[in-house]
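The values are calculated or read from the model by the stated rules, or taken from the named source; none is laboratory data. Everything numeric in this text was worked out from a predicted model, so none of it was measured. Don't worry about glycine lacking a Cβ; one is built from the backbone with ideal geometry, like all the others, and counts go over all protein chains shown. Surface areas here come from the heavy atoms of the whole protein model, side chains and all, with no ligands, DNA or RNA. Shrake-Rupley method; radii C 1.70, N 1.55, O 1.52, S 1.80 Å.
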Amino acid sequence: MHQFLDLSLHLDYWDETIRIYTDSFPKWEREDTSNILKNIKNGTYKMFSYLEDGVVVGFYILDINSSLNYALFSFLAIKESRRGEGLGSKLCLSAIEYFHKNIKSDWLFIEAQQRQAELYKKLGFSKLSLDYRVPEFHSSNSVVMNLMLLKKNKELDAHSLKKIIKDIFHRGYSLVDTDMRIQEQIDRIDEIKLI
């Protein structure tokens, strides 16, 4: 038997889920777990654990900002022993379905390295033609990634994207206003093209 559990209602699966998180992502790519838990409790994050026969084998997180009309598909991971079985696609499809049915925002973003970007493209995301660099956690460095978009109805304009990226860098990566990576990224947005 398999099921998705909303961790805001089932925190008894937190330890098992967060173990997959820490095992799956290098330190530079990991948000502090205390911040994740805080955001689950305050409703900013929706974190779903995927269970098979009562055991957590994967999870995903959606970071929701209704005031800026977007959600960020921020993390997805599968237990190492279960990778390569198509569970990543299953979790991604669950996140997309949740976005369409339960989130009133028009835009769902995801930051992806090239290999993962191919999967997300097959599932309906489009790459933004944009030099996008993700801040590393606990560092002043950045990493080149693809910023991808799944939209409902409303087109995305450069002005909205600048506000959204600033919000992602503030809330998601805990950057302060004086961190030059924010302005550098905003300056790289002239126009938006989907590829």
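Summary table below
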{"item": "Range of Cα positions in the chain per principal axis (Å), largest first", "result": "49, 34, 30"}
{"item": "Accessible surface of segment 33-172, 1.4 Å probe, proportion on carbon and sulfur as whole %", "result": "46 percent"}
{"item": "C-alpha long axis of helix 158-167 to longest principal axis of the chain, angle in °", "result": "50 degrees"}
{"item": "Pairwise FRET efficiency - E80 versus E118, Cβ, R0 = 22 Å, nearest 0.05", "result": "0.60"}
{"item": "Residues of type aspartates and glutamates that K127 reaches as a straight line, Cα spacing below 12 Å, ignoring anything fewer than 8 places off in the same chain", "result": "E111, E118"}
{"item": "Too-long pairs where the Cα-Cα distance tops 25 Å, listed order kept, from K46/K166; K79/K154; K101/K154; K46/K151", "result": "K79/K154"}
{"item": "5 angstrom amide H check on S129, placed H, neighbours 5+ away", "result": "K193, L194, I195"}
{"item": "3J(HN,Hα) from dihedral phi, segment 176-188, Karplus parametrisation 6.51/-1.76/1.60, rounded to Hz, x for glycine, proline", "result": "8, 3, 7, 5, 4, 5, 5, 5, 4, 5, 4, 5, 7"}
{"item": "Computed over segment 105-153, the ratio Rg/Rh where both radii use C-alpha atoms and Rh is Kirkwood", "result": "1.02"}
{"item": "3J(HN,Hα) from dihedral phi, segment 58-70, Karplus parametrisation 6.51/-1.76/1.60, rounded to Hz, x for glycine, proline", "result": "x, 7, 8, 10, 10, 9, 10, 10, 5, 5, 9, 6, 8"}
{"item": "CD proxy at 222 nm, helix term only [per DSSP H run n ≥ 4: -39500 (n - 2.57); per residue of the chain; nearest 500]", "result": "-9500 deg cm²/dmol"}
{"item": "Under Karplus coefficients 6.51, -1.76 and 1.60, residue-wise ³J(HN,Hα) of segment 5-21 in Hz, glycine/proline x", "result": "10, 6, 5, 5, 9, 9, 5, 5, 9, 4, 4, 5, 5, 5, 5, 5, 4"}
{"item": "Evaluated at q = 0.11, 0.14, 0.17, 0.26 Å⁻¹: base-10 log I(q)/I(0), Debye formula over Cα of segment 102-191", "result": "-0.31, -0.51, -0.75, -1.47"}
{"item": "Computed magnitude of the charge dipole of the chain (debye, nearest 20; Cβ of K, R +1, Cβ of D, E -1)", "result": "420 debye"}
{"item": "Accessible solvent surface per residue of segment 54-117, calculated while the other protein chains remain in place, 1.4 angstrom probe, Å²", "result": "42 Å²"}
{"item": "Relative contact order (%) - criterion: Cα under 8 Å, at least six apart; region: the chain", "result": "17 percent"}
{"item": "Highest to lowest packing among 2-9, 47-54, 123-130, scored as the average C-beta count within 10 Å", "result": "47-54, 123-130, 2-9"}
{"item": "Whole-Å distance, taken between Cα centres, linking segment 129-153 and segment 1-39", "result": "21 Å"}
{"item": "Cα→Cβ-extended label distance, 7 Å offset, between D106 and K152, nm", "result": "1.0 nm"}
